[in-house]
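Everything below concerns the one structure shown next.
The values are calculated or read from the model by the stated rules, or taken from the named source; none is laboratory data. If you're wondering where the values come from, they're calculated on a predicted model, not measured in any experiment. Note that we place each Cβ from the backbone using ideal geometry, even for glycine, and neighbour counts take in every protein chain shown.
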C-alpha cells in the first residue's frame, strides 16, 4: 500500500481520495508549490494533512483564526496525530511547553496565525528544525484582489525566501482569476501548480428576493427551517443583536456574533452553534471563516453582502454534509447605496475603490439575473454551467420581456425630475402617487406624472432595480442615493442597445421538499434509522464532554455507515468509513457497547 493510501486509511479512516485531492497531495509530496482553489466542504485540510504525515518532519499550517486552529488540532489528536497550536489564547507557559515538544521533534503538525509565525525570532527558530511542508489556509486573505484581504497575511511573502527548499501549499475556497494570479505572484514568485476544482455547490438552493419587510420575510423563511441550524447575516452589529433578540422572542434559539463582543462572548456563541442543534447565529461578516459545521441548513442574508466573492464564501457555510440547504437573500436599493458608501469611505487607493465598485456591480447583476442564478454566479468565477433547476429563477421561471418602452418611461421621469431623486420617488411619479413630497415639489404637474399607472408599484421597483443592475441607471453614492441616467441609457433610447427584464413576481414561501438524512435512512431501513438516532445522541454526549464540535468525533457519513453495518467487534468497527486506528482505539468500546445494547433491545 502506498504511503499516502496507508495514511488515508489508517489515520483518517478513508478508503479513497475525493476528486482532486490526490493530485494535490502528490504535488506537495513531490516538492512542488501548489495553489488549490476548492469549494467549501470538499476536503481541503486533508490535502495538506496527508502530505504532512507522509513526508515526516514538521509541517507548519498558517490559519487566521484561533477557533479554527483549535478545532483542527482537536480532530487530529483524536485521529492519533501529534498536532499542536501556538496561539494568543493560550498562556505563555502552555505555549512554551508546546514549543519544547516541537523543538524535540515530537509534534508533526503545528498551527499558527501569520502574525505569530512571521516574526524574526520564530522564523529563525523554525529554520533550525526539519520543516518539510508549509500550508497556508484561507489563502485569499493574501490578495488585495480578494474579498477578505488581511494585512497580516502580506508578511507571508517572506516564506519562500526563509524556506527555499520547502514546498508551500496555499488553499482557499474563494478566489477569482485575478485573485489567483495575485496569490501565485506574491507567495510563489509566479511559479506554482494551480488546481481549481468546480465552484458549484448544487445542493444549495439559491434565492434572491426584493426587500419589502425584511422582518416578515425572515420569519416566513424560518417557518420552513424550525429546529435547524443556520446563519443570518446582517450589515451592522446593532442589526445582528436586534435580529437575535427578535428571533429568540419568537421561539428560535438565536445568538448574536460580531466583533464588538468580548472574546469570551464570541467563543461562547460559536461553541453553542458548533455543539448544539437548531441554533441560529445572527452575525456580521466577523462570523464564519473556518466554520466547519456540516449540518448548517441555511444562510439568510438580511442585507446585501459586499461582493459575489463574499456572498459565495458566506453561503458556502451551508450544506457541507451534501444534504439540501438554502441560501436566501433579501435586498433593496438602499443596501446598494450603503455598500457604495462603505467602499468610498475606506482608506484605500482609488484603484481599489473602483475594483470594489465593480465587484458590487457584479453582485447587483446577480441579484437581478433574469435567468439561472447559478449560471450567473459560476460565470463570475470563470466556470460555465447549464441551468441548475435549484434556484428561484429556475424553480419559478419568469419569462424575460422586451423592456425598452418601460425603460424609456423610467428614463423620462428621471430626466424631468432632475436626476437627483431615489427610486421611491421615481416610482411615486411613475404610478401617479400625489403624496406630500410630490405635491410640494410640483412633480404631480409634470407631463410624465402617472405614465406608469397601469403597472403596480412593485413591478416598477423591480424594473428600476434591473435597470440599475444592467447599467442603464447610476446611483449617486456621494449624495442621497439619487438615480441618474448612465451613458448606456442613451444607447437604448437611440435603439442601439436592448433591455430585457424579468417580470416582477411575488413568490410565496413554499415548504421545501427536503428529505433529511435521518429520514432517508429510516425510510430505507427503519431499524438502521433507529440505531442512527441513538448513535447521534451518543456522539453529542461525547462531543460535549470533550468540548469539541460533534463532527470532530465522527461525521454523519460515518454514523450512517455504522448504523448500516451494525459492527459488533473491534475488527468490524475498524472497517467503518472514517474510522482510523486512533479512533478505533478510542471510541470502539463505547460505540460497540451502544450498538450491542440496541441489538439486544430490538432483537
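Among the numbered conditions (1) surrounded by fewer than 22 Cβ atoms within 10 Å (Cβ to Cβ); (2) modelled with pLDDT of 95 or more, the only one that residue 158 does not meet is (2). Of the set (1) under 28 Å from residue 377 (Cα atoms); (2) touching a helix residue (DSSP H, G or I) at 6+ places or on another chain (Cβ under 7 Å); (3) modelled with pLDDT under 90, all apply to residue 152 but (1). Count of the stretch 395-410 residues, restricted to those that are at pLDDT 80 or above, under 18 Å from residue 466 (Cβ atoms) and surrounded by fewer than 20 Cβ atoms within 10 Å (Cβ to Cβ), is 7.
Each row is one residue, and each column tells you yes or no for (1) crowded, with 17+ Cβ neighbours inside 10 Å; (2) touching a strand residue (DSSP E or B) at 6+ places or on another chain (Cβ under 6 Å); (3) touching a residue at least 12 places away in the same chain (Cβ under 8 Å).
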position	(1), (2), (3)
134	yes, yes, yes
154	no, no, yes
164	no, no, no
184	yes, yes, yes
195	yes, yes, yes
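Those helices (runs of 4 or more DSSP H) of the stretch 113-189 in which 3 or more residues are over 21 Å from residue 24 (Cα atoms) occupy 114-117, 120-127. Checking the structure you have, find out if any residue of the stretch 315-329 is in a helix (DSSP H, G or I), modelled with pLDDT of 85 or more and buried (at least 18 other Cβ atoms within 10 Å of the Cβ). Yes: one or more hits. The combined condition, being crowded, with 21+ Cβ neighbours inside 10 Å, farther than 21 Å from residue 355 by Cβ and out of contact with any strand residue (DSSP E or B) (no Cβ under 6 Å at 6 or more places or on another chain), is not fulfilled by residue 121. Restricting attention to the stretch 330-379, the residues being touching a strand residue (DSSP E or B) at 6+ places or on another chain (Cβ under 6 Å) and either surrounded by fewer than 15 Cβ atoms within 10 Å (Cβ to Cβ) or within 15 Å of residue 309 (Cα to Cα) (or both) number 3.
Among helices (runs of 4 or more DSSP H) entirely within the stretch 10-112, having at least 1 residues that are in the same structural domain as residue 143 (by TED's automatic domain parsing) and under 26 Å from the mean Cα position of the chain (by Cα) singles out 21-29, 44-55, 66-78. Criterion applied to 256, 248 was being more than 29 Å from residue 336 (Cβ to Cβ), modelled with pLDDT of 90 or more and either in a helix (DSSP H, G or I) or in contact with a helix residue (DSSP H, G or I) (Cβ under 8 Å, 6 or more places away or on another chain) (or both), and the one residue passing it is 248. Mind listing whichever residues of the stretch 585-603 are modelled with pLDDT under 90 and crowded, with 20+ Cβ neighbours inside 10 Å? Hits for the stretch 585-603: nothing passes. Taking every residue in the stretch 411-423 that is assigned by TED's automatic domain parsing to the domain that holds residue 438 and at positive phi and pairing it with any residue that is modelled with pLDDT of 95 or more and in a loop (DSSP other than H, G, I, E, B), at least 6 positions away or on another chain, yields no pair with a Cβ-Cβ distance below 8 Å. Considering only the stretch 171-186, I want to know if a residue exists there that is at pLDDT below 90 and assigned by TED's automatic domain parsing to the domain that holds residue 314. Taking every residue of the stretch 171-186 in turn, none turns out to be at pLDDT below 90 and assigned by TED's automatic domain parsing to the domain that holds residue 314. When residue 458 is tested against (1) modelled with pLDDT of 85 or more; (2) surrounded by fewer than 20 Cβ atoms within 10 Å (Cβ to Cβ); (3) in a helix (DSSP H, G or I), just one condition goes unmet, and that condition is (1).
Look at (1) touching a helix residue (DSSP H, G or I) at 6+ places or on another chain (Cβ under 8 Å); (2) in contact (Cβ under 8 Å) with a residue 60 or more places away in the chain; (3) part of a loop (DSSP other than H, G, I, E, B) and you find that residue 389 fails only one, number (2).
Among the residues of the stretch 285-302, just one is buried (at least 21 other Cβ atoms within 10 Å of the Cβ), in a loop (DSSP other than H, G, I, E, B) and modelled with pLDDT of 85 or more, namely 302.
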